[in-house]
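Heads up, the thing below is written out as structure tokens.
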Amino acid sequence: MLDVRLHKKLEDFALDAAFAADAGLTAIFGPSGAGKTMIAKMVAGLMTPDNGHIRLNDRVLFDSEKRINIGVQRRRIGFVFQEHRLFPHYSVRGNLTYGAGRKGGASGKIPFDRVVDILGIGHLLDRKPLALSGGERQRVAIGRALLSTPELLVMDEPLSSLDDGRKAEILPLIETLKDEFGLATLYISHAIEEITRLADTLVLLEKGAVKAVGPASELLNRLDLLPYTGGDDAGTLLETSVVQYDRAHSLLTVATEQGNHLYLTGSEKPAGARLRLRIRARDVAIATTPPTSLSILNHFEGRIEDHCAGEQGMEELLLDVGFPLTARITRRSFETMGLKKGSPVWALVKSVTLSRH
Amino acid sequence: MSLSPQEVDVILLSLKVAVFCIALSFLPALLVAWLLARREFYGKTLLNVIAHLPIVLPPVVVGYFLLVMLGNRGVIGGWLLEQFGVSLIFNWKGVVAATSVMAFPFIMRAIRQAFEAVDRNLETAALTLGRSRPMVFLTITLPLILPGILAGLTLGFARALGEFGATITFVANIPGETRTLPVAIYSLLQVPGSEAAVLRLVVISVLLAFAAIALSEWLARRSVRRLGSA
């Protein structure tokens, strides 16, 4: 449990943010210059707020009124920086174990071999950081922070220094680590792709102020927040569980918490396995009659809960189809179909757009 | 060429003085380098100036100050004599004192540059991994500035071998006690017909300088290789 209230005034910028984060991964999301990294640094003790407080579980790390300011080294907060910051004179193994002696770390054990295994760095252990590629270095940096058994892991745009290929490679690893060790994490990012993939709780930050805090799946569906969460990849986050797998067609059937079934292509998963899906608003089509003779497998009956004008001739819709679902269509279609709040509609989602990375 | 006993004395004395000199200067140089590179404090500029004085002052003037301060009736010298019965006048310890003062800025500057070249982000990262500041200094900072320390100590060693002005002013020219290589060369130059002996000492000086530089290069390369690929 992390509870912060931070205030700091710089020459041309003021941060005034308060939020609480439970276990799981809390993402701080916002455009560049919103003050995300400042929050990360303050929580870790790398920057001092003018006033406010930082509490982690049962410890007060900072309190301006009580004049408490625990040093970085005693906060038990692991930090993954934008750049790897590996120690050049230590081997990969030496880097990974550098913080392993930390006192009073995470309650759950984080085994060295398992971390190395997940990150796929077993063959690099005896090398020096200079001999690694960019992606390998950042993997080691993530492992190093994790193996210091912190109470809280802060990841400050850990993928931002990498190219798209490396990002796509490392993002699933972070997801696996998160699922496996369940370490409370504060994840800083301006990439909605990373947020939708990882975030349990979302803190929306703009110009140094918190716009909204809440479960990621809720916030990402809020039309009023679309200016912040929008963009090409905006969409709905669904927590689903696997119902069955059709091996002949490589087709997974999953169920939402509300009981709707969705179909998507992908590799085999055992029944009951949890799967997080993202349906991009632009991948959802709208029909006013029940669709027949269409190739689209996923269609859901429901109605328009709310709508608002989007950018450049687009209309953003929030549908209730058993679960909340956002859709983005042209304003022209919206008008010619005569849609309005409460209109009964069918939402169509191509299965291939659901394919899970 | 075989060396005369006097020449051996001179060489051994010079080496002994140089070794003691860098051993004595190292920790103060490390401390001052750290203060100047890493700390902001009142009087920093003054400390910077004082630390550089031995480079810019005429060595004879430094020798004079040493005489005043460290002489048996000097503020520090008197105290040393009273408390520990140690006198620096006219013996090799005095030479060590003089060369240490003269070599100090060279050692300090090299270490300071090394401090300034260290990526402080690495130290921050080490702190987030739960290590205390002293441990971070020992495990991160110190290994990273090691090449700079080696370069500084080599410079200091060479400086100590070559120190003349402050030494002869402070502790004079006494065979077997304060007659180091440059002092010995100077003495021989005063004696007509000793050109051959002078040349021998000059050659020895050059060889020692080369050896010191070769040693430091080798050490520096070794420490660079530690950062390289497996």
Among the residues listed as A:Met42, A:Met47, the single one being under 16 Å from A:Tyr187 (Cα atoms), among the hydrophobic types (A, V, I, L, M, F, W, C) and assigned by TED's automatic domain parsing to the domain that holds A:Ser160: A:Met42
Failed criterion for A:Ile110 (all others in (1) at the interface with chain B (Cβ under 10 Å from one of its Cβ atoms); (2) in a loop (DSSP other than H, G, I, E, B); (3) among the hydrophobic types (A, V, I, L, M, F, W, C) hold): (1)
Within segment B:101-143, considering residues that are facing chain A (nearest Cβ under 10 Å) and not in a helix (DSSP H, G or I), the one nearest to B:Arg222 (Cα to Cα): B:Asp119
The one condition in (1) away from chain B (no Cβ under 14 Å); (2) in a helix (DSSP H, G or I); (3) under 27 Å from A:Arg59 (Cα atoms) that A:Gly165 fails to fulfil: (3)
Members of segment B:47-85 that are β-branched (Val, Ile, Thr) and either surrounded by 14 or more Cβ atoms within 10 Å (Cβ to Cβ) or modelled with pLDDT of 90 or more (or both): B:Val49, B:Ile50, B:Ile55, B:Val56, B:Val60, B:Val61, B:Val62, B:Val68, B:Ile76
Residue that is touching a strand residue (DSSP E or B) at 6+ places or on another chain (Cβ under 6 Å), within 22 Å of A:Phe323 (Cβ to Cβ) and of a type in the set (Lys, Arg), where the choices are A:Lys211, A:Lys269: A:Lys269
Residue under evaluation A:Gly182, criteria (1) within 14 Å of chain B (Cβ to nearest Cβ); (2) of a type outside the set (Phe, Trp, Tyr); (3) in contact (Cβ under 8 Å) with a residue 40 or more places away in the chain, criterion not met: (1)
Neighbours by Cβ (under 7 Å, 6+ apart or cross-chain): first from segment A:121-133, in contact (Cβ under 8 Å) with a residue 12 or more places away in the chain and more than 7 Å from chain B (Cβ to nearest Cβ); second of a type outside the set (Gly, Ala, Ser) and assigned to a loop (DSSP other than H, G, I, E, B): A:Leu124/A:Leu132; A:Pro129/A:Leu86; A:Pro129/A:Pro88
Lone unmet requirement of (1) farther than 24 Å from B:Leu127 by Cβ; (2) exposed (fewer than 14 other Cβ atoms within 10 Å of the Cβ) for A:Ala20: (2)
Residue among A:Gly52, A:Gly35, A:Gly99, A:Gly71 that is touching a residue at least 12 places away in the same chain (Cβ under 8 Å) and in contact with a Pro (Cβ under 9 Å, 6 or more places away or on another chain): A:Gly99
All positions within segment A:73-104 that are on the phi > 0 side of the Ramachandran plot and crowded, with 18+ Cβ neighbours inside 10 Å: A:Arg76, A:Arg85
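The values are calculated or read from the model by the stated rules, or taken from the named source; none is laboratory data. Just so we're clear, the structure is a prediction, and the values are computed from it rather than from any experiment. Ideal geometry is used to build each Cβ from the backbone, glycine not excepted, and the neighbour counts take in all protein chains shown.
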